[in-house]
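Scroll down for the structure; my scribbles are underneath it.
Read-outs: derived from the displayed coordinates by stated rules, not from any lab. Treat the numbers as computed from the prediction; the structure is a model and nothing was measured. Cβ sites come from the backbone with ideal geometry, for glycine too, and all protein chains shown count toward neighbours.
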Amino acid sequence: MMNNVSTESNIESVVMRRVHAAHLLRPLVSGGAIALTIFVFALWGIGREVWVARVFENAPHGFAFLRYSLFAFEHTRVVVQALCIAAFFSMLWFFRDLFRAVALTFQRA
């Protein structure tokens, strides 16, 4: 009988170790973390393809900025367009997860 008790405690410690590891890794594999990673890599890719400082230097102020941004987006390479779209949607996904987490936190309180 003594073996059963020690086996159960060993199994329990292994299971609890795995539960703690999963709990620690959960934020790293969540949707928000993946979206943030995609966003960062998309921005990095855009920075490698486009001289972003020059784009903003040439940009007009006011409402003409929207027209200029659309023109710049239309007349750039497909890779940059895909990276811009990926950055935009991953940013939306990240904020969606962030707002859900905040709302869930306030619901529990």
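GNM on the chain, alpha-carbon springs under 10 angstrom: the most fluctuating residue among G31, G62, G47 is G62. Note on R17 and V40: the model spin-label points, each 7 Å out from Cα along the C-beta direction, lie 2.9 nm apart.
So which trypsin sites (Lys or Arg not before Pro) in the range 70-109 pass both tests, a DSSP loop state and at most 15 other Cβ atoms within 10 Å of the Cβ?
Hits after loop and neighbour filter: R77.
Computed from phi, the 3J(HN,Hα) profile of the range 83-89 under the Karplus parametrisation 6.51, -1.76, 1.60 (θ = phi - 60°) reads 5, 5, 5, 4, 5, 4, 6 Hz, with x in place of Gly and Pro.
With contacts defined as alpha carbon pairs under 8 Å and 6 or more residues apart, what's the relative contact order of the range 29-108 in percent?
55
Full extension of the chain segment joining R96 with R77 gains 3.9 nm, where the gain is 0.36 nm per residue of separation less the Cα-Cα distance. Considering helices alone, the calculated mean residue ellipticity of the chain at 222 nm is -28500 deg cm²/dmol, with DSSP H runs of length four and up weighted by -39500 (n - 2.57) and normalised per residue.
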